[in-house]
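Every read-out reported here was derived from the displayed coordinates using simple, explicitly stated rules and does not represent laboratory data. Everything numeric here is computed off the predicted structure, so don't read it as measured data. Note: ideal-geometry Cβ built from the backbone for every residue, glycine included; neighbour counts use all protein chains shown.
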Amino acid sequence: MLTGFQNIGKIPELKRRIWVTFLLLAVYRVGVHIPTPGINAEALNAFFNAGQGTLLGLFDMFSGGAMRRLSVFALGIMPYISASIILQLLTVVIPYLDQLSKEGEAGRKKIVQYTRYGTVLLSIIQGFGIAFGLEGMTGPGGEAVVINPGWGFRLMTVITLTSGTAFIMWLGEQITERGIGNGISLIIFAGIVAGMPGAFGNTLRLMETGEMSLFRGLILLVLMVFVVGFIVFMERGQRRIPVQYARRVVGRRVYGGQSTHIPLKINTSGVIPPIFASSLIMFPATIANFVPHPTLKAVAAALSPGHWLYSVLYVGFIIFFCYFYTAIVFNPVDVADNMKKYGGFIPGIRPGKATAEYIDKVLSRITLGGALYVSAVCILPQILIRHFNVPFYFGGTALLIVVGVALDTVAQIEAHMLTRHYEGFLKQGKIVGRR
């Protein structure tokens, strides 16, 4: 592995891409610390400390602490992700978008353009929602979060937050084009990783004050190593369906006859299901912070992390969205039709409809295993918080994103090295990302 890292410096293009990636991520982290004018920072920080289990806390995690400071990047990249998911869903039901997705590079550029428009629109809507919400928020001592409320503050906040999201979207596209790895994923990765030193520091302080024993700390360390290894194993896990292509004679040449396989990922949907499930369940708790109604408060308490109802609904929604999103991104009928068109077949299975049904059956079974795995990892923070009193970053969606993006990025770096005849990070085999 050390030889693999040394070989990076021997490839000028790869070295330049890595430096560009680090530079653009540094620009993003600087922007996280630039505050939006008109905010009482101390009151806002105290408000967030009192509401860690709400949707605001989830957004703060993905924005790398920008929401807590209400910086120019407070909305983070979430509007872009939401717009992308909405476009993917609309592609299934709107024929025009479905046709664009099949038109190659030109269609992809058109869909990306629509995604940008959707990102700006969602940013404007969320910006107004945050501005109105902040005007009604107060810290634990009763101090107002907004210094001078009114339309001047609202318009300035909307313009600032929308511009910040558009700039982050541009940074992500530049990282994808000129750097290494997926830019949007790396921005989320950087935001989560930036909060991890503080989480580890809090754990050490708990051990120093005696709130966590040394024995529990060692158990936690061993557990985290095991969980990271388990996530790596599951993210790389595949169910390979063998495919045989018939031999075809065209003139004096023979085509086909080779054997290959269809790699079905155990976790095809990635981290989308826990993000959707968290947002859906935590929405009432977030509304309760803005509208302090007694009934809404009771509902929010029942749907807060740690409550049995929250855990049951969380697991149920994760399983549902795993199947739902997998059905969107993988179509067994199309795969079966393409195989039949090029003379491919699964041994023992008739081409066409029978092949599609077989693939769908296998995919349904492994998706259940993937959904249970994602649910177990996402429920882990509640167990750690209850029994070990540790920060939220140990496990859950954050750990899934960190490990998954790290695997994808290392796989791309290794691909660059292998295409230039350099040895990769591992002497045997190769690193495979989630996609």
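At-a-glance table
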{"item": "For the stretch 1-211: rounded, prolate or oblate by the Cα gyration tensor [a/c cutoff 1.5]", "result": "oblate"}
{"item": "Listed residue pairs exceeding 30 Å between alpha carbons, taken from LYS265/LYS341; LYS265/LYS353; LYS109/LYS341; LYS102/LYS265; LYS109/LYS353", "result": "LYS109/LYS353"}
{"item": "Extension gain, GLU143 back to ALA354 (0.36 nm per residue minus Cα-Cα distance, nm)", "result": "69.3 nm"}
{"item": "FRET efficiency, 1/(1 + (r/R0)^6) with R0 25 Å, evaluated for GLN238 and ALA415 via beta carbons", "result": "0.90"}
{"item": "Span from the the stretch 316-370 Cα centroid across to the the stretch 62-125 one, whole angstrom", "result": "27"}
{"item": "Under the Karplus curve 6.51 cos²θ - 1.76 cosθ + 1.60, θ = phi - 60°, whole-Hz ³J(HN,Hα) for the stretch 198-212, x wherever Gly or Pro sits", "result": "x, 5, 5, x, 4, 5, 5, 5, 4, 6, 5, 7, x, 6, 10"}
{"item": "In sequence order, calculated HN-Hα J values of the stretch 155-166 (Karplus, 6.51, -1.76, 1.60; Hz; x Gly/Pro)", "result": "5, 5, 5, 4, 5, 5, 5, 5, 5, x, 5, 4"}
{"item": "Counted charge near PRO351, where neighbours are those whose Cβ lies closer than 13 Å (Asp, Glu -1; Lys, Arg +1)", "result": "+2"}
{"item": "Spatially proximal aspartates and glutamates relative to LYS10 (Cα-Cα < 12 Å; intrachain offsets below 8 disregarded)", "result": "GLU423"}
{"item": "Environment charge at GLU103 (Cβ cut-off 11 Å; Lys +1, Arg +1, Asp -1, Glu -1)", "result": "+2"}
{"item": "GluC sites (Glu not before Pro) within the stretch 134-178, DSSP loop, no more than 16 other Cβ atoms inside 10 Å", "result": "GLU143"}
{"item": "Nonlocal amide H pairs with THR36, under 5 Å, H built at 1.01 Å", "result": "SER71, VAL72"}
{"item": "LYS340, LYS109 arranged by Cβ crowding within 10 Å, fewest neighbours leading", "result": "LYS109, LYS340"}
{"item": "Computed E for GLU42/HIS307 - FRET, C-beta separation, R0 45 angstrom, nearest 0.05", "result": "0.90"}
{"item": "Proxy reagent accessibility, fewest Cβ within 10 Å first, across SER101, SER71", "result": "SER101, SER71"}
